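Colleague: This is the structure I want to talk about, given as C-alpha cells.
The values are calculated or read from the model by the stated rules, or taken from the named source; none is laboratory data. Only a predicted model underlies this, so the values are computations on that prediction, with no experimental measurement involved. When we count neighbours, we look across all protein chains shown, and the Cβ atoms used for this are built from the backbone with ideal geometry, even at glycine. Only protein heavy atoms, including side chains, enter the accessible area calculation; ligands, DNA and RNA are left aside. Shrake-Rupley method; radii C 1.70, N 1.55, O 1.52, S 1.80 Å.
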Amino acid sequence: MRRLALTIITILLAGTFLHSQENFRLSGHISDSLTHEPLIGATVYLKNEARGTSSDTYGNYSLEAGRGTHSLVVSYVGFRTKEVSVQVSGDIGVDFRLAPEVKESGEVIITAKNPSGNTESARTGMIELSGREIRKMPALMGEPDLIRALRSSPGVQAANDGNSGFYVRGGNVDQNLILLDNAIVYNPSHVLGFFSVFNADIVSSASLIKSGIPASYGGRISSVLTVKSIDGDFQKHTLSASLGLIYSKVTLQGPLVRDKLSYFISVRKTYVNEVLKPILGLFMQNDTGKVFSGSEYGMFDLNVKLTAKLNSRNRLSLMAYKGSDNFKLDNPDINYQSHINWGNTLLALNWNYLINDSSYLLNSLSFSNYDFNYHSDQYIMGINLYSSIRNLSYKLEYSRNDWWKGSLKAGLEARYYRFIPNEFMLSINQVDLNYSTYQDLYAGEFSVFASYEKDLTKRLRVYGGLRLTNYNHLGPYEHVNRTAEGIILDTAVYGNLESVKSYAYLEPRITARLQTGITSSVKASYTRNYQYIHVASASSITMPSDIWIPSTSETRPQFGDQVTLGYYRNFSDNVYTASVEGYFKTLRHQVELLYGLGASLQDVSYENGLTSGKGYATGIEFLVQKQQGKFTGWIGYSLSYSERQFDEINNGNPFPAKYDRRHEINLIVNYRPGNRWDFSAAFIYATGNTMTVPVQLYLLGGNIMTEYGETNGFRMPPYHRMDLSATYTFKPKRKFESSLNFSVFNVYNRANPFLIVFDIQGDIVQDHSLSVSAKQISIFPIIPSVSWNIKL
C-alpha cells in the first residue's frame, strides 16, 4: 500500500510539475524574400519536438513552445529551407523571408505551392497563381496580366479581342465573383479587355475556383476569383518602375515604422494618344484614320495600401483602389462628339486576429462602386446615359484547424446595394427633355455559413458546407401595377429600407477526395449557388455599358447546380501534374435583354424589356503542368457545350450561348536558361463564337425587311493567336536592378474576328438589284513592344 501511495504521489507531483512548465506562443509571418508575398502552406516545426504547423492564407503561423532554446525550421517547396535558434521566455514573434531555390545550372524551381496538393487537396476546379507566376507569363506591352493568365487555363474563356471580363464553364461574365482584398470588383478590365485592373506589381496571390465553391463565398453561380495584394516591405524602401510604349507604372513601398507599419503606392497610366495618333496620321489616310485622328483615350489606376502589425497576433490593413477609362471622339465632318468614361472605386479594411496556433478571425469591411457614363452631341441633339452599382459589405469569418480532428470555418456576411440601372436624358438645343422618370434601386443580402473538412480515413477526405442567404429588394421604391394591356391600375409606395420582395435560400456544398495511390486521387463535388444581382447585356459582346440590376418581384434570383468528377495524378517526383475533370451545370432564371438598351429605357419599369429562361453547360477539361526545371508551363484542352432557352427568344427553342465554344487549346511555355534571360510563349486556339445572322431580305410596303435565322446559329471563324516574350535581367548593381522586356502580341498577325457586319448594296426598288456581303472587323493586329523595368 505504501508503495502504491508513493507511486500515486510521484505521478501527481510529476503531472503537476509538467503542467507548471510554461508554454508560450511562437508566431509570425512567412514571405518571399524577393516579392514579399506571403507563402501559403509553408511548414513550420520545432526540430527536436514532434510539434509543427503550417502558414495560413495570409502567410501567418502560430504554435506553442516551452521556455528555453528551440531550433525552428521553416520550409516551402521551391524555396531554401531556413533553420534558426529561438530563445523563448515569453510570447515571441519571428518573421521569415525565404529565398527561391536556385541551382548551379541556373535552374529555378518556380513552384509557388506544394505540387502534391494536386492530389491531396479536396478542392476541385481550382487555379492558384502567385505573383511570381503571373509575372513570368508573356507580357503584352511589357505588362504581364492576371486575367490573361487565367484565360490560358481550361474552362476559362475570353469572348474575343476587345471584350472585357471572362467566362467560366459556360457562365456569363456577371456570374463571376471577383474580390480584391475582399472588395467586389464589378468590371475587371481596362481598354476593353486589353489590360485588367490588377497591376501585376501589387498582386501577391490569386485563386480561381471553378467548382466546389466553399460555403464562405456566395452571390455568384459560376466562379470565385480572390486576389490578395502585397503588404508592402516592412524592412526597406523600394522603388520599381516600368516604362513601355503605351503605358508606364511606378510602385513605391517601404516601412513607415520598421517592422510595424508598411505602405505601398502604385500608379499606372497610358499615353496611347501620343503613340497611336502619329501612326494613324502616317498610315491611315482614309475615313477610318480621320475618325480616329479625332479620338482620345486615357486609362489610369491607383493602388494604395497600409499594413500594420499591431502585435504578433493582430494585423490590420487598409487598401484603396481607383481606376478609370476615358474615351473621347470628335469628328467635325459630321459635327459629332462623344465622351465615354467608366471605372471602379474600392476601399477595404481587413483585420486578421490570430486567436491561437489553430484558429484565427477575419473581419472585413469594404466599399465598391462601378459607374458608366456616356455623352454625345450631334448638331442640335444631345444624349446622356448613366448607370452605376455600389455596395457596402461586412464579413466575419472564424477558422479553426483542430475542431474534432478537422477544419471548421463559420461566419456571416452582409451587403447593401444601390443601383442606378439606366438614367437617360435627351436634349434638343441644350434644352433637357425628360425621356422618362427613373428611380434608384436598393437591395440587401445577409448570409450565414459554416463548413467542415475532415479525413474520415487515411484515403478519404470530405468537405461539407452550407450557406443560408436572405435577400431583400428594399425601398424607397414605387411599384406600378398594370393590366396585361399596360393600363396603370395603381402604384404601391415603399419607404426607406422597407422590404419590397424577399427571397431566402439554402446553398449546400460538398466535396470528396479519395486517394487512389501515393500520387493519384479521384475527386467529386456538388454545389448549389444563388445569384441575386444580374447584368443585362445590350449587345452580343460584353461592354462597359452593360447594366447591373437587382432581383425583384418580377426578376427572380438566378441559381445553378454543378456536379464535378475528376482524376488527378503527379509524375516524376511531382515535377509533372495532370488532371482530367468533367462537369455538368444547370442554370435557372437566366436574364436576357429583349429589345436592346434603348428600348429598355422607355419605361420606368426596365423589367418590361427582360426575359427569364434556363440553360445548361457541360464539358471535360484536360491539364498537364510542368512545375520545376528550366522549362515550365502547361498545356490544356477543353471540350464544352453551353445552351440557353427562353420562351420569347428563338421561338422557345434551345440555342447556343453567345460564349459557347466547342474546343479550346491553351499552351504556356516558360524557359530560363540561366540567371539573365527569361523566355515565354503562349498559344491559344478556340472555336469561333456564335452569332445571329440575316438569312433573307424582302420588300414590304416599300421598305426592306430583314429576316434573321436561328439565334446564335452561325459561328465566327476560329480564334487563334501566339504571343512571345523575352526578358533580359541586367547584373544587379549596389542598389539598382533593371531588366528589358521584349514582347510580340499576335506574332503571325492573325485577323481574329471582333464583329461581323453585313454590307447591303443596290436598290431593290429602282432596279431590283440587291447584294449582301459579310465583312469581318478585327481590332488587334501584330503588336511588338519593349519596356524597361527598374528597381531601386
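Colleague: Which of the residues that make up the range 640-661 are more than 12 Å from Gly170 (Cβ to Cβ) and among the hydrophobic types (A, V, I, L, M, F, W, C)?
Modeller: Correct list: Phe646, Ile649, Phe655.
Colleague: Condition first: of a type in the set (A, V, I, L, M, F, W, C), under 24 Å from Ile340 (Cβ atoms) and either open to solvent by less than 10 Å² (accessible area, probe 1.4 Å) or modelled with pLDDT of 85 or more (or both). Can you find one or more residues in the range 594-609 that meet it?
Modeller: yes
Colleague: How many residues, within the range 311-364, are touching a Lys or Arg at 6+ places or on another chain (Cβ under 9 Å), open to solvent by 30 Å² or more (accessible area, probe 1.4 Å) and not in a strand (DSSP E or B)?
Modeller: Qualifying residue count for the region: 4.
Colleague: Does Asp660 satisfy the criteria of being in a strand (DSSP E or B) and touching a residue at least 24 places away in the same chain (Cβ under 8 Å)?
Modeller: Against the criterion (in a strand (DSSP E or B) and touching a residue at least 24 places away in the same chain (Cβ under 8 Å)), Asp660 does not qualify.
Colleague: Between a first residue in the range 509-521 that is among the basic types (Lys, Arg) and a second residue that is part of a strand (DSSP E or B), which pairs have beta carbons less than 6 Å apart while being 6 or more apart in sequence or on different chains?
Modeller: Arg509/Gly465; Arg509/Thr527; Arg513/Arg461; Arg513/Ser521; Arg513/Lys523
Colleague: Between residues in the range 743-756 that are under 23 Å from Thr690 (Cα atoms) and residues that are of a type in the set (Lys, Arg), which pairs lie under 6 Å by C-beta distance while being six or more apart or on different chains?
Modeller: What qualifies is Asn746/Arg721; Arg750/Arg721.
Colleague: Is it true that Ala410 is open to solvent by 20 Å² or more (accessible area, probe 1.4 Å), at pLDDT 95 or above and either of a type in the set (D, E, K, R) or in a strand (DSSP E or B) (or both)?
Modeller: In short, yes.
Colleague: Still on this structure, I have one more. Of all residues in the range 440-463, which are outside any loop (DSSP other than H, G, I, E, B) and open to solvent by 30 Å² or more (accessible area, probe 1.4 Å)?
Modeller: Tyr442, Phe446, Val448, Ala450, Tyr452, Glu453, Lys454, Asp455, Leu460, Arg461, Val462
Colleague: Could I ask something else about it? Taking into account only those residues within the range 473-493 that are surrounded by 16 or more Cβ atoms within 10 Å (Cβ to Cβ) and in a strand (DSSP E or B), which is farthest from the chain's Cα centre (by Cα)?
Modeller: Within the range 473-493, the match that is farthest from the chain's Cα centre (by Cα) is His479.
Colleague: Give me the strands (runs of 3 or more DSSP E) completely within the range 695-755, filtered to those with at least 1 residues that are more than 30 Å from Ile684 (Cα to Cα), ordered by residue number.
Modeller: Ranges flagged: 703-708, 737-745.
Colleague: Six or more apart or on different chains, Cβ atoms under 7 Å: show the pairs whose first residue is in the range 441-460 and closer than 20 Å to Ser393 by Cβ and whose second is among the acidic types (Asp, Glu) and assigned to a strand (DSSP E or B).
Modeller: Filtered contacts from the range 441-460: Ser447/Glu413.
Colleague: Please state which one of Ser204, Ser240, Ser248, Ser211 is open to solvent by less than 10 Å² (accessible area, probe 1.4 Å) and in a strand (DSSP E or B).
Modeller: Of Ser204, Ser240, Ser248, Ser211, the one residue that is open to solvent by less than 10 Å² (accessible area, probe 1.4 Å) and in a strand (DSSP E or B) is Ser204.
Colleague: Return the only residue of Asn470, Asn496 being at pLDDT 90 or above, more than 29 Å from Lys585 (Cα to Cα) and surrounded by fewer than 19 Cβ atoms within 10 Å (Cβ to Cβ).
Modeller: Asn496
Colleague: Right, next: Taking the options Tyr263, Tyr297, name whichever one is in contact with a helix residue (DSSP H, G or I) (Cβ under 7 Å, 6 or more places away or on another chain) and either open to solvent by less than 40 Å² (accessible area, probe 1.4 Å) or at pLDDT below 75 (or both).
Modeller: Tyr297
Colleague: While we're on this one: List the pairs whose first member sits in the range 364-383 and is at positive phi, whose second member is surrounded by fewer than 19 Cβ atoms within 10 Å (Cβ to Cβ), and whose Cβ atoms are under 6 Å apart, counting only residues at least 6 apart or on separate chains?
Modeller: Taking only residues 6 or more apart or on different chains, the pairs are Tyr379/Asn335.
Colleague: Right, another one. Within the range 1-100, considering only strands (runs of 3 or more DSSP E) that don't extend past its boundaries, which have at least 2 residues that are more than 28 Å from the chain's Cα centre (by Cα) and at pLDDT 75 or above?
Modeller: Once the strands (runs of 3 or more DSSP E) in the range 1-100 are filtered for at least 2 residues that are more than 28 Å from the chain's Cα centre (by Cα) and at pLDDT 75 or above, what remains is 23-32, 43-46, 60-66, 68-75, 82-88.
Colleague: Any idea which residue in the range 221-231 is farthest from Ser725 (Cα to Cα), counting only those that are open to solvent by 10 Å² or more (accessible area, probe 1.4 Å) and touching a residue at least 60 places away in the same chain (Cβ under 8 Å)?
Modeller: Per the stated criteria, the residue is Asp231.
Colleague: Which members of the range 249-272 meet the condition of being more than 24 Å from Gly59 (Cβ to Cβ) and without any contact (Cβ under 8 Å) to a residue 24 or more places away in the chain?
Modeller: Val250
Colleague: Looking at the range 715-739, which of its residues are in contact with a Gly (Cβ under 9 Å, 6 or more places away or on another chain) and either open to solvent by 40 Å² or more (accessible area, probe 1.4 Å) or without any contact (Cβ under 8 Å) to a residue 40 or more places away in the chain (or both)?
Modeller: Residues satisfying the conditions are Arg715, Pro717, Pro718.
One line per residue, one yes/no per condition, for (1) modelled with pLDDT under 90; (2) touching a Phe, Trp or Tyr at 6+ places or on another chain (Cβ under 7 Å):
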{"position": "Leu506", "(1), (2)": "no, no"}
{"position": "Arg509", "(1), (2)": "no, no"}
{"position": "Ala524", "(1), (2)": "no, no"}
{"position": "Tyr530", "(1), (2)": "no, yes"}
{"position": "Met543", "(1), (2)": "yes, no"}
{"position": "Ser572", "(1), (2)": "yes, no"}
{"position": "Tyr583", "(1), (2)": "no, no"}
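Colleague: Taking the range 232-248, which residues are under 19 Å from Ser739 (Cβ atoms) and free of Cβ contacts under 8 Å to residues at least 60 places away in the same chain?
Modeller: Answer for the range 232-248, where residues must be under 19 Å from Ser739 (Cβ atoms) and free of Cβ contacts under 8 Å to residues at least 60 places away in the same chain: just Ser248.
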